[in-house]
Amino acid sequence: MQRRQFLELALTAAALAPLGRVAAMPLGDTWETAFRAALEEAPWLLGYLGCEDRPFDASAKVTGTWPAALAGSLYRNGPGMHSLGGWRYRHLFDGDGLVQCWRFGNGEVRHRARLVATDKLERERAAGRRLLPGFGSLPPDAVGLAGADDLNPANISVLPQGDRLLALWEAGSPYALDPETLATRGPVTFSAETRGLPFSAHPRQEPDGTLWNFGYLAGLNKLVLWHFTPDARLARAVVRDVPRIGMPHDFVVTRQHLLLLLPPLYPDPGADAATLLDSLRWHGEEATRVLVVRKSDLEIVTTLELPAQWVFHFGNAWEDEAGVIRFDAARAPDPRLMTETFRELMRGTEADFTTSAARPYRYRVDLQGGTAEEEPFADMLGEFPLVLPAEVARRHDTLVMLGRDLDDRPRHDGLDRVCVFDLACERRASFRYPDTELPEEHLPVTAADGSRWLLGPSLDWASGQSLLRVFRLDDVAAGPVATARLPYALPLGLHGRFLAG
Amino acid sequence: MAKDAQWLPRVCRTAAGTIMVATLLLIALLAQAPAAAAEIQLVVEDVRSEQGVLRLELLRIGDGSEDGVTTAQIMVPAVVPRVRVTLHDLGTGRYAARVHHDVDDDGAMATNLVGMPTEPWGVSNDARGRFGPPRMTDMAVDVGDEGGVLRMTLVH
């Protein structure tokens with residue numbers, strides 16, 4: 001192959017986020033102004049204000065009794081800084097990754113947060129303004145892209161891996177951080193032939209430490225599949241052709257298979273779009289495909305169909321001896337939450353998201369019979385489903401989700417409840433947060449002595465403080481047993497991992 | 001591309017890390033005889049290692065081809081942090097250039113599993129694409145009688 005062809009292939013792949021119309025530099029950014037005004041009226045929007053460009057370190061004030069057995073680090077990530085140089089991002093997903101560590105043990109809770117010093121942020125800090133397009137934002141006088149990692153904000157999740165902490169995005173390379181100081185080391189290359197390939201923010205780790213992940217190349221219609229050994233060595237990475245792959249965000253694993261849902265949301269290459277977000281088209285008349293991959297050879301063995309739907313997050317999957325896979329997810333009818341709500345939120349427009357928000361669903365995929373079925377299992381809004389790490393890819397009885405009852409009207413537009421589902425008994429236990437607090441993803445964890453807890457970060461928007469609450473996993477309705485309170489408010493984050501010890 | 005040592009011009013390295021092409025032995029692919037003599041400098045920025053070689057390609061645009069016609073292929077040693085190659089006796093007109101830092105000197109661009117380059121590369125004007133590869137018109141530099149400079153920063 002000629003060098004020219006290589007370069008053109010690279011640049012085609014690089015056009016993940018197209019650089020489009022160049023907007024005129026405004027005198028004052030209208031979105032920044034609009035958001036600030038909206039914040040006066042709706043103070044819960046504090047969760048979306050974005051942080052300043054500075055480090056955060058504090059010792060948290062603890063009330064209640066922190067469980068003595070519960071020691072370790074809760075790492076979290078999410079879009080942190082939305083504004084730079086007076087210009088505000090146009091989509092929630094574009095903010096620079098803010099990695100947090102809550103470290104607890106010996107009766108003390110310490111907190112630390114750092115923005116990931118991505119290549120993108122370093123270039124923009126040097127310029128004093130935004131230079132690069134994001135998923136849904138095009139700054140004035142933006143520069144072009146040489147590859148997807150040019151716009152990688154490393155802002156979705158984290159993965160502790162050996163002596164490093166990875167900050168994950170979904171369309172590019174993970175970034176390595178020092179797990180103690182949270183200082184950024186740089187982008188990670190697992191092997192020469194996988195350099196620059198997408199690594200999703202939702203790797204699945206089995207109880208023995210085996211790790212699976214995927215990545216999508218929407219422009220090239222390719223699926224990358226990753227397999228790591230328990231000692232974090234890359235065992236296999238393969239690429240499969242998947243026409244109209246779209247943008248799958250999460251997946252599930254069983255003992256034998258990997259399973260992805262492919263919602264019918266694709267970039268329209270002909271669109272005169274300013275951003276990747278603007279180029280996306282929802283094809284609600286099409287199916288959401290169920291892609292089943294065999295672990296042993298990473299071949300796609302089955303493609304089934306479900307009604308059009310949008311799923312950000314799955315709980316867990318397991319497979320019985322008859323080849324029936326069961327899994328649960330937060331299922332939305334379409335991607336309006338991403339394509340509309342999370343854009344409007346950035347200028348403070350309140351939206352009724354009850355028709356576009358996800359609800360708890362469970363699925364049954366029969367590999368022998370070639371069928372895929374779904375049903376709601378709780379009549380409520382629900383997101384951020386998680387199971388205990390020891391139950392990943394095994395039959396799980398406990399599922400944690402944030403939720404909101406349909407007739408509930410809190411004084412904010414978010415979810416207001418953490419729910420623990422006992423799937424065997426089909427029972428829900430829950431704790432309803434006060435109206436002045438916005439709960440974030442809650443993690444079920446197991447302490448060193450085997451006791452089971454729920455780690456619940458939240459934002460108290462009335463007092464301007466970020467919190468970490470601890471519940472007994474088996475008695476969430478009793479409320480938190482301890483609360484750690486910071487002297488500052490941080491933006492609402494996305495996903496986390498707990499590392500005991 | 002084969003290991004084409006025949007493309008290697010005689011070079012000398014100056015203290016500043018600049019490479020001067022003393023004699024233009026390499027213009028074997030001239031699309032047509034130059035209408036007027038001009039000097040073109042190819043400048044490669046952000047060379048981060050001296051392993052391997054830089055493979056440069058000069059393209060002439062407008063002679064009936066929007067994609068450009070290869071006018072010269074040049075292989076020079078990699079020098080940190082910058083390499084400058086001067087070509088003499090070229091015709092005036094529109095030109096573009098590309099560079100590949102062939103770090104392992106195997107004559108081919110190393111790629112990942114989907115064919116994206118994993119060795120440094122660059123194009124003139126540091127042109128970047130929108131939905132696809134950069135347009136040749138964004139890479140183009142007009143070279144008159146006074147000569148011209150085509151700059152490219154390596155993408156790592």
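Before moving on, here are some points about what is shown:
- The listed residue being touching a residue at least 12 places away in the same chain (Cβ under 8 Å), farther than 26 Å from A:PRO410 by Cα and small (Gly, Ala, Ser), out of A:ALA332, A:ALA351, A:ALA322: A:ALA322
- Answer from A:GLY162, A:GLY172, A:GLY186 - the residue that is buried (at least 23 other Cβ atoms within 10 Å of the Cβ) and either out of contact with any Leu (no Cβ under 8 Å at 6 or more places or on another chain) or farther than 17 Å from A:ALA235 by Cβ (or both): A:GLY172
- Scoring A:GLY50 on the criteria (1) part of a strand (DSSP E or B); (2) closer than 25 Å to A:LEU276 by Cα leaves a single failure, condition (1).
- Tabulated pairs, region A:258-285, first of a type in the set (Asp, Glu), second assigned to a strand (DSSP E or B) and surrounded by fewer than 23 Cβ atoms within 10 Å (Cβ to Cβ), C-beta under 7 angstrom, 6+ apart or interchain: A:ASP268/A:ARG281
- Complete set of residues in region A:50-98 that are surrounded by fewer than 20 Cβ atoms within 10 Å (Cβ to Cβ) and among the aliphatic types (A, V, I, L, M): A:ALA58, A:VAL62, A:ALA68, A:ALA69, A:ALA71
- Annotation: B:ARG151 fulfils all but one of (1) away from chain A (no Cβ under 14 Å); (2) at pLDDT below 95; the unmet one is (2).
- Meeting the requirement of 3 or more residues that are crowded, with 21+ Cβ neighbours inside 10 Å, the strands (runs of 3 or more DSSP E) wholly within region B:72-156 are B:82-90, B:93-102, B:121-123.
- Just one of the numbered conditions (1) surrounded by fewer than 24 Cβ atoms within 10 Å (Cβ to Cβ); (2) on the phi < 0 side of the Ramachandran plot; (3) at pLDDT 95 or above is not true of A:THR118: (1).
- The listed residues are A:ALA329, A:ALA351, A:ALA322, and the only one of them that is closer than 17 Å to A:TYR48 by Cα and of a type in the set (A, V, I, L, M) turns out to be A:ALA351.
- Residues of region A:403-461 satisfying the condition of being of a type in the set (Asp, Glu) and either in a strand (DSSP E or B) or touching a strand residue (DSSP E or B) at 6+ places or on another chain (Cβ under 7 Å) (or both): A:ASP405, A:ASP416, A:ASP422, A:GLU437, A:GLU440, A:GLU441, A:ASP460
- Among the residues examined, A:GLY246 qualifies as out of contact with any Ser or Thr (no Cβ under 8 Å at 6 or more places or on another chain), crowded, with 21+ Cβ neighbours inside 10 Å, under 23 Å from A:LEU92 (Cβ atoms) and not aromatic (Phe, Trp, Tyr).
- Subset of region A:137-152 that is surrounded by 22 or more Cβ atoms within 10 Å (Cβ to Cβ) and away from every other protein chain (no Cβ under 13 Å) - its residue that is nearest to the chain's Cα centre (by Cα): A:ASN152
- Checked against (1) in a loop (DSSP other than H, G, I, E, B); (2) within 14 Å of chain A (Cβ to nearest Cβ); (3) at pLDDT 95 or above, B:LEU54 passes all but condition (1).
- Taking the criterion of being more than 7 Å from every other protein chain (Cβ to nearest Cβ) and charged (D, E, K, R), the residues of region B:73-131 that qualify are B:ARG82, B:ARG84, B:ASP89, B:ARG94, B:ASP102, B:ASP104, B:ASP105, B:ASP106, B:GLU119, B:ASP126.
- Annotation: of all residues in region A:173-222 being of a type in the set (Val, Ile, Thr) and either within 26 Å of A:VAL252 (Cβ to Cβ) or assigned to a strand (DSSP E or B) (or both), the one that is farthest from the other protein chains (Cβ to nearest Cβ) is A:THR210.
- Hits in region A:122-133 - residues which are crowded, with 23+ Cβ neighbours inside 10 Å and either assigned to a strand (DSSP E or B) or out of contact with any Ser or Thr (no Cβ under 8 Å at 6 or more places or on another chain) (or both): A:LEU132
- Selection count, region A:197-211, where residues are in contact (Cβ under 8 Å) with a residue 60 or more places away in the chain and in contact with a His (Cβ under 8 Å, 6 or more places away or on another chain): 2
The values are calculated or read from the model by the stated rules, or taken from the named source; none is laboratory data. Remember, predicted model here, so these are calculated numbers, not experimental data. In this analysis, Cβ positions are derived from the backbone assuming ideal geometry, glycine residues included, and neighbour counts consider all displayed protein chains.
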